[in-house]
Structures are given as C-alpha cells and as structure tokens.
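Everything on this sheet refers to the single structure shown next.
The values are calculated or read from the model by the stated rules, or taken from the named source; none is laboratory data. Being a predicted model, the structure only gives us computed values, none of them experimental. Note that we place each Cβ from the backbone using ideal geometry, even for glycine, and neighbour counts take in every protein chain shown.
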Amino acid sequence: MKLKNLQLVNYRNYDKLYIEFNDRINLLLGSNGQGKTNIAESIYLLAFGKSFRTNRDRELIKFNTENLYVGGGYEKNGRNGMVEIAISKAKKGIKVNKIPIVKLAELLGNINVVIFSPEDLRLVKDGPKIRRSFIDREISQIVPGYYGLLTGYNKILANRNKLLKNMNPDLNLLDVYDESLADYGSKIFMFRKKFIERIAEISKDMHARLTDNKEDLNVIYKSQIQINDESSVKDKFINILKDKRKHDLDMRISGYGIHKDDILIQINGLDVRLYGSQGQQRTASISLKLSEIELINREVGEYPLLILDDVFSELDEKRQKLLVDNLKDVQMFITTAEYLHKNVLDMNNTTVFYIDNGKVVKTENGGN
C-alpha cells in the first residue's frame, strides 16, 4: 500500500501543511525540534487513531488553537481510500472514506503501518511490556476483533484488581471476573501463539540472511498459559486463576494471566537479552521488525507503510544498508537530522523534504 498525501491543520507545530509523497522513500530532514517526527506521528495516527508519543490527544493540538485535522489519502489493493481525524479539546471524530466510525476497531487495518524507532531497538533488551505492545499492535492490524478482545480483557482485569484491593472482596464476584478474564484471555492467547509462531519462522530466515548464516535466531512465546489444545485453553486459564487465588488475595493484585506474557529471544541458543552484544541485540530487533513487515504483507496482500523515526542515528552504516536493502518494496518515511549516506539510500527513488519550524521549506526529488 502507499500513502499518497497528507494534510495537517493545527497539528503540533504545523499551521497548515499539504504534502504529496514518493511511493518509495520519503526523507524528512531537519534539525531536532523542527517537526519531522510530528509528520511521522500524524501518519501513525491515521493508522491507529492515537499517537505513539502520548496518550493525551490534546497534546497534538497546536498551542493557542482549539482543534486539529489530519487527513491522508492512500492506495491499497488497487483502491483509493481516505482517513480523516478531527480532534478538539472535548472530542475526537474519525472518518474512513467520508463515513464516521463508531469504534476504533473500525479504523484498524485500513492503513497498515509499522514504526521503527530507537525504542524498538530496545525491543530485545527492555522489559516485557514493550514486547507485548509489539505483539498486540501488529495483531490488531491483521485480525479483526483482536483489539476488542484486548480492550475487554484489560477492562475486566482493572475491575478484578480493584476488587482484590478490598479488605473483604466478594468471592462470588471474583468468580464472575475469573470466568470473563479466562474467556477473553484464552482467545488472546491463541491469537498471540499463532502470531509468534509465524514471526518466529520469518525472523529466523531473516536473521540468517542478515548475519550471513552465522547466527540462529529463535523467538519463543512465554506465557503462564501453555497448552496446544485450543479447546481447553479457557479451562486451563480458569484453573490457574483458582490455583493462584490465595496469592492474588494476599498480594491484592492479579499476578497471573496473559498480561504477564513475554517472548524469549535467543541467538545460537542463548538469551540475547542477557548474553548478546549490543550489535546482536540491534540486529535481532531489525530481524523482528522486518518479519513484522513481511507477515503483514502475507496476511493483507500488500506491504505496510514503514516509519523509521530517528533510527539511522542509532545504527552504523552497515546495519542502515542491511535494513534498507531488505525493504525494496516498502514505502518508507525516514526522519533524520543528518543527510544519509548515498550508499544507504536509492536516491533515484527518494524525495527529500527539508523541514524547518513546522514548514517544508524545500523539496528535492530523484537525487537532485
């Protein structure tokens, strides 16, 4: 798929912006604080209905204004589409092809986006939360209804935790919450299990190519719910909650469930988080992100948009080139404060947008 154009009104430090994109490489170049990442963020907003930098929509509205507008025209599977988002200090409205949507789930999957930021380079070495977010974000783009399951699970989990904090919790109500938690959680578990199995297969091949077959990458699903029989996952989940109820009552929090899931990433049989070099951790992260892109292509039939937000400053030239060389069919949006080496990018298929203080001050096409 391709994002053809983007329109911003009162978004962050932009008054008004209309920009048409190259179908291959779009280089957003400028000093820090000029608005490069704001453009990348607005593209992400079109795909997910939220920012990757803040949970507060109000922060997206330009200072001293009341509302914002973001619109993007795209092409997917041979058809043109349009996503529009308007945010005021009181509400948010989203339209897909001029039709208002009611639930966020109706937005997900229209524009497929993968983002690769310095935070993703820490995908391997940071805590489980970032890896769960990686899993959930991508499943939500390719599985209708997954976002609703996740929302339902988290709502029940919050209610259960609130109940556990009571001095004398209602155990009958706790039974009800356990039943619902197991219902949502067992379905989420199966989606995650299948997703990680596919990511593991693709990333294994990807990593072998990136390392000239010198390293063997394994990605393993770590969950307190481990069972292969899909029909008995819910029963297994409920049994775990029953077995651990005393622990949860004592600790006054839900200590068991899919909200504790993680993935184990190994290189040559060793946990790369503990034993890998920084270079190995970064190459493993690149392998996972490339696998994410390939999996969406296989599921959706087209490659997603790729946002590379200030990643190249974190990578040496060799890894920059490895990354770009594996993305020849992907439309990219690259933010950087430094002009990239011409050995890294195909400049004949690159448009450079020079960003200064919330404006595109100059554009260069095709290496001019």
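Couple of notes before you dig in:
- Residue within the stretch 260-278 that is surrounded by 14 or more Cβ atoms within 10 Å (Cβ to Cβ), in a helix (DSSP H, G or I) and at pLDDT below 90 present: no
- Any hit, the stretch 211-228, residues being among the small types (G, A, S), under 19 Å from G127 (Cα atoms) and assigned to a helix (DSSP H, G or I): no
- If you filter the stretch 326-368 down to residues that are more than 22 Å from S31 (Cα to Cα) and outside any loop (DSSP other than H, G, I, E, B), you find that the one that is farthest from the chain's Cα centre (by Cα) is N348.
- Residue check for F21: over 24 Å from S140 (Cα atoms), without any contact (Cβ under 8 Å) to a residue 12 or more places away in the chain and hydrophobic (A, V, I, L, M, F, W, C): no
- Some residue of the stretch 82-95 being in a helix (DSSP H, G or I) and either touching a residue at least 12 places away in the same chain (Cβ under 8 Å) or closer than 21 Å to N365 by Cα (or both): no
- For the stretch 221-259, the set of residues classified as free of Cβ contacts under 8 Å to residues at least 60 places away in the same chain, surrounded by 16 or more Cβ atoms within 10 Å (Cβ to Cβ) and among the charged types (D, E, K, R) consists of K234, K236, K244, listed by residue number.
- Any hit, the stretch 53-72, residues being modelled with pLDDT under 95, closer than 19 Å to F116 by Cα and not hydroxyl-bearing (S, T, Y): yes
- Selection from the stretch 20-32 of residues that are out of contact with any Phe, Trp or Tyr (no Cβ under 7 Å at 6 or more places or on another chain) and either under 13 Å from G358 (Cα atoms) or in a loop (DSSP other than H, G, I, E, B) (or both): F21, N22, D23, R24, S31, N32
- Evaluating E294 against the criteria (1) closer than 20 Å to R209 by Cα; (2) free of Cβ contacts under 8 Å to residues at least 40 places away in the same chain leaves one unmet condition, (2).
- Checked against the criterion of being surrounded by 12 or more Cβ atoms within 10 Å (Cβ to Cβ) and of a type outside the set (A, V, I, L, M, F, W, C), the candidates D325, D316, D329 yield just one match: D325.
- All conditions in (1) over 30 Å from G78 (Cα atoms); (2) of a type outside the set (A, V, I, L, M); (3) at pLDDT below 95; (4) outside the structural domain of L17 (by TED's automatic domain parsing) hold for T336, with the sole exception of (4).
- Counting residues in the stretch 307-325 that are in a helix (DSSP H, G or I), free of Cβ contacts under 8 Å to residues at least 12 places away in the same chain and not assigned by TED's automatic domain parsing to the domain that holds T350 gives zero.
- Residues being in a loop (DSSP other than H, G, I, E, B) and either buried (at least 24 other Cβ atoms within 10 Å of the Cβ) or in contact with a strand residue (DSSP E or B) (Cβ under 7 Å, 6 or more places away or on another chain) (or both) - total across the stretch 33-54: 4
- Hits in the stretch 160-175 - residues which are more than 16 Å from I258 (Cβ to Cβ) and assigned to a helix (DSSP H, G or I): K162, L163, L164, L171, N172, L173, L174, D175
- Residue within the stretch 299-306 that is in a loop (DSSP other than H, G, I, E, B), in contact with a Leu (Cβ under 8 Å, 6 or more places away or on another chain) and surrounded by fewer than 22 Cβ atoms within 10 Å (Cβ to Cβ) present: no
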